[in-house]
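Structure first, then comments.
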Amino acid sequence: MSVAGSTLVRDTARPEAGARELVTPEGVDLRLKLADTGERAAAFLLDVGIILGSLVALTLLVFLGAWIGGTSAREFLPAIWLLGFFLLRNFYFMGFELSPCAATPGKRILGLRVTARNGGPLAAEAIFARNATRELEVFLPLTFLVTSGAAVDAWIDILGAVWCAVFVFFPLFNRDRLRIGDLVGGTWVVRAPRRGLRIDLADEAASPAIAFSPAALDAYGIKELNVLEDVLRRRDDATMAAVAERIRAKLGLKAREPAAEFLFAYYAALRGRLESRLLFGRRRRDKFDKD
Amino acid sequence: MGIVLKSHRFRREREADWQRLEDLLDRFEGGRRSTLTNDEIIAIPVLYRATLSSLSVARAISLDKGLLEYLESLCTRAYFCVYGTRTTVIERLASFFADEWPRAVQSIWRETLFAGAITLLGAFVAFVLVQHSPDWFGTFIPEGLAQGRGPSASTTELRETLFGKHGANGLTVFATFLFTHNAQIAILAFALGFACCLPTALLMAYNGMMLGALFAVFLQHGLAPEFGGWVLIHGVTELFAVTLAGAAGFRIGWALAFPGERSRLEALTQAGREAAIVMAGVIVMLGCAGLLEGFGRQLITSTVARYAVALTTAFLWGVFFYRPRALT
């Protein structure tokens, strides 16, 4: 019995796709989640937008200054765009990723951060490597697309496009969604959103609790409890009414109290039941998980 | 309150610590690090361990998904704060220039020799070809870059390109253009190393060829010493930087092609880091070269002075990179 019990205690939930193990020196697995390709692309576009926006702002500022000073600012224009774009392009990413957040503003907005793949401290050279390679992955293809006109053969065009595609689509074809820069720098990008502590829904249950029969509390497992939690946190009346109706139908109960009140009471009771069984070593995954 | 859940009580007892840790982390990450007192800094690891143990208890007893997600994100943030890098950006920069960069450059001396040899080979081939028949010149140097320095130019015109003055206003633009152009070539040489060295080797050879072809043209007009001064005043720094960039590319390509006993990914990561240190410095060198080329060369027009500057830079870089160092 005790042997069987210990195997049951283990979290049998299948690891999510994109979850990676990071065991801290204290021996706790933080279960990092990798950022998906869409998030990373969105973060990158945001960053590029910020860079271009600040260049435009700088240009306007210089023109304004020149206009007030009564001189022509045309002289500075190439310097601003050539040097400014180069410096921003290369040092914007590095500067922000060197900060304690290890994320550019775009990544921060999407709740991402760069970390070393081995879980150790993120070295400056790793950040430099991952950003220097960006030149090859993004800006070279862009320059290529812009400059290759009628001057070169179609064949060279096609070969160039294939070459660029290999780099641009590289993150889609490996398990860890690494781009070449991550590969060279030994880094990856994980989700590290800042979450606030939300209220405990068990607090919301009305004080004279509705009594549920043991059979009613055995109807669902942890997966359903989590779905119910999401529904309650969203507080959408129509959804709550529909969910309450489904649960009542399954339990064979009549609609005596408002949907919200019923759901909160059922949530607290179900969580109490599942948690006390958890303490006895039984983690009931979902409603199909029979004893 | 109908049922008192164990997990609910567990949360109520520890909530305050979690909130305190969250507040400290907010200030730490938000760039308000200086507002943290010593006591608060010491409290971070303690609170981190307490929260981590809360997380592992919560995983065992609580089914509140919101709570678990909160604790996971809080622990992850605290983990990176406690075990991440603790040096400031300024400290990192200082140790980079004083130690890491010259050490890294020293460690890739073999690749540097190789990259230098390929550049020289390219220069030699182009030199011989252009000496043989000036028609080759156009193959090596595109019309736009030559700016009238072709074999058909007269001696006076060539001399003019060596000593002519751009307007003082034009210099800012010229210097920035040169810097971004060269930096791009260097980054390309480094990044292309990823494709097993070959494109880097081509780029190095081509860089040498442009030099060789130009030299041949100026030699035919008896302007070789002046040309030397014109190139070397910034070329010592610039050519050295581009050679180092190529060497960094070779290091990566070599690790990828011949990883030895390590796995390919491991070898690539290690080589990538070493090469990246070299590259960060190369960009700085190119900045110096751009200044020398854009301002120094246009303002110093005596050939002897140009050679003096070239020799000084060669000496400084040589001592900086290759002076004997204690092993770490």
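The values are calculated or read from the model by the stated rules, or taken from the named source; none is laboratory data. Keep in mind the model is a prediction, meaning the values are calculated, not measured. With ideal geometry, Cβ positions are generated from the backbone for all residues, glycine too; neighbour counts draw on all protein chains shown. Remember, those area values only see protein heavy atoms, side chains included, never the ligands or the DNA or RNA. Shrake-Rupley method; radii C 1.70, N 1.55, O 1.52, S 1.80 Å.
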The protein assembly as shown, dipole about Cα centre (Lys/Arg Cβ +1, Asp/Glu Cβ -1), debye to the nearest 20: 1720 debye
query: Quick one: net charge of B:Gly235's neighbours, Cβ under 11 Å, K/R +1, D/E -1?
result: 0
statement: Carbon plus sulfur, as percent of the 1.4 Å-probe accessible area of the protein assembly as shown, comes to 65 percent
task: For the protein assembly as shown, evaluate the Debye formula with one uniform point scatterer on each Cα (no solvent term) and list log10 I(q)/I(0) at q = 0.09, 0.11 Å⁻¹, rounded to two decimals.
output: -0.86, -1.12
GNM result for chain B, Cα springs below 10 Å: residue of B:Thr51, B:Thr37, B:Thr155 fluctuating most strongly: B:Thr37
- request: Can you give me the three principal axis dimensions of segment A:193-238 from its C-alpha atoms, in Å, biggest first?
  value: 39, 25, 23
- request: Please report, in Å, the Rg and the Dmax of chain B, where both are computed over Cα atoms only.
  value: 28.7, 101
- prompt: Rounded to the nearest 500, what is the protein assembly as shown's calculated 222 nm mean residue ellipticity when only DSSP H runs of at least 4 contribute -39500 (n - 2.57) each, over all residues?
  reply: -21500 deg cm²/dmol
field: Computed FRET value (nearest 0.05) for B:Arg9 with A:Asp237, which takes r as the C-beta separation and R₀ as 45 Å
entry: 0.90
- line: Candidates B:Ser302, B:Ser133, B:Ser53; GNM for chain B (alpha-carbon contacts under 10 Å) flags as most fluctuating B:Ser53
- request: Enumerate the amide H contacts of A:Lys33 below 5 Å, restricted to partners 5 or more residues apart or on another chain; note that Pro and chain-start residues carry no placed amide H.
  value: A:Arg20, A:Arg191
query: For B:Phe96, what charge total do you get from the other residues with a beta carbon under 14 Å from its beta carbon, if Lys and Arg give +1 and Asp and Glu give -1?
result: -2
- prompt: How big is the charge dipole of chain B about its Cα centre, in debye rounded to the nearest 20, if each Lys and Arg gets +1 on its Cβ and each Asp and Glu gets -1 on its Cβ?
  reply: 700 debye
- prompt: Say R0 is 41 Å: what FRET efficiency, to the nearest 0.05, do A:Leu55 and A:Phe173 get from their beta-carbon distance?
  reply: 0.80
- line: Place a point 7 Å from the Cα of A:Ala211 in the direction of its beta carbon; the residues of segment B:1-35 whose amide N falls under 17 Å from it are B:2-4
field: Accessible area per residue in Å² at 1.4 Å probe, computed on the protein assembly as shown
entry: 50 Å²
task: Just round it to a whole percent: the fraction of Cα-Cα distances in segment A:165-291 exceeding 17 Å.
output: 66 percent
- prompt: Can you pull the percent of Cα pairs in segment A:39-86 with separation above 11 Å?
  reply: 69 percent
message: I'd like the Karplus ³J(HN,Hα) series for segment B:272-280: coefficients 6.51, -1.76, 1.60, θ = phi - 60°, whole numbers in Hz, and an x wherever there's a Gly or Pro.
response: x, 5, 4, 5, 5, 4, 4, 5, 4
task: For segment B:184-246, restrict the atom set to alpha-carbon positions and state the Rg and Dmax in Å.
output: 13.5, 42
- line: Over segment B:222-308, the quotient of the Cα radius of gyration and 2.2 N^0.38 Å is 1.49
task: Report the accessible surface area buried between chains A and B, summing both sides, using a 1.4 Å probe on protein heavy atoms only, in Å² rounded to the nearest 100.
output: 6400 Å²
field: Reduction of at least 50 Å² in accessible surface, 1.4 Å probe, comparing all protein chains with the chain by itself, residues of segment A:182-197
entry: A:Leu183, A:Val184, A:Arg194, A:Arg195, A:Leu197
query: Please state the equivalent ellipsoid semi-axes for segment B:1-112: what are the square roots of 5 times the Cα gyration tensor eigenvalues, largest first, in whole Å?
result: 41, 17, 9
- line: Non-local residues with an amide H under 5 Å from the amide H of A:Phe212, with H modelled 1.01 Å from N and Pro and chain starts lacking one, are none
message: Just to confirm the filter: which chymotrypsin sites (Phe, Trp or Tyr not before Pro) across segment B:1-43 are DSSP coil and have at most 16 other Cβ within 10 angstrom of their Cβ?
response: none
statement: Looks like segment A:215-254, by Cα gyration tensor root eigenvalues a ≥ b ≥ c and the a/c under 1.5 rounded cutoff (else prolate when a/b is bigger than b/c, oblate otherwise), is oblate
- line: Net charge near A:Ile50 (other residues with Cβ under 12 Å of its Cβ; Lys, Arg +1; Asp, Glu -1) is +2
query: How many nm separate the modelled label positions at B:Thr312 and B:Glu266, each set 7 Å beyond the Cα in the direction of the Cβ?
result: 4.9 nm
statement: For B:Leu219 the rounded accessible area (nearest 10 Å², probe 1.4 Å, non-protein molecules ignored) is 70 Å²
- line: Low-density loop trypsin sites (Lys or Arg not before Pro), segment B:60-122, at most 16 other Cβ within 10 Å, DSSP non-H/G/I/E/B, are B:Arg86
- prompt: If one puts a single equal scatterer on every Cα of segment B:48-93 and applies the Debye formula without solvent, what log₁₀ I(q)/I(0) results at q = 0.14, 0.19 Å⁻¹?
  reply: -0.42, -0.60
- prompt: For A:Ala17 and B:Arg20, what does the FRET efficiency come to when R0 = 35 Å and r is the distance between their Cβ atoms, rounded to the nearest 0.05?
  reply: 0.50
field: Under the Karplus curve 6.51 cos²θ - 1.76 cosθ + 1.60, θ = phi - 60°, whole-Hz ³J(HN,Hα) for segment B:63-78, x wherever Gly or Pro sits
entry: 10, 7, 5, x, 5, 4, 5, 4, 5, 4, 5, 5, 5, 5, 4, 5
- request: Using only alpha carbon pairs under 8 Å that are at least six residues apart, calculate the relative contact order of segment A:194-291 and give it in whole percent.
  value: 44 percent
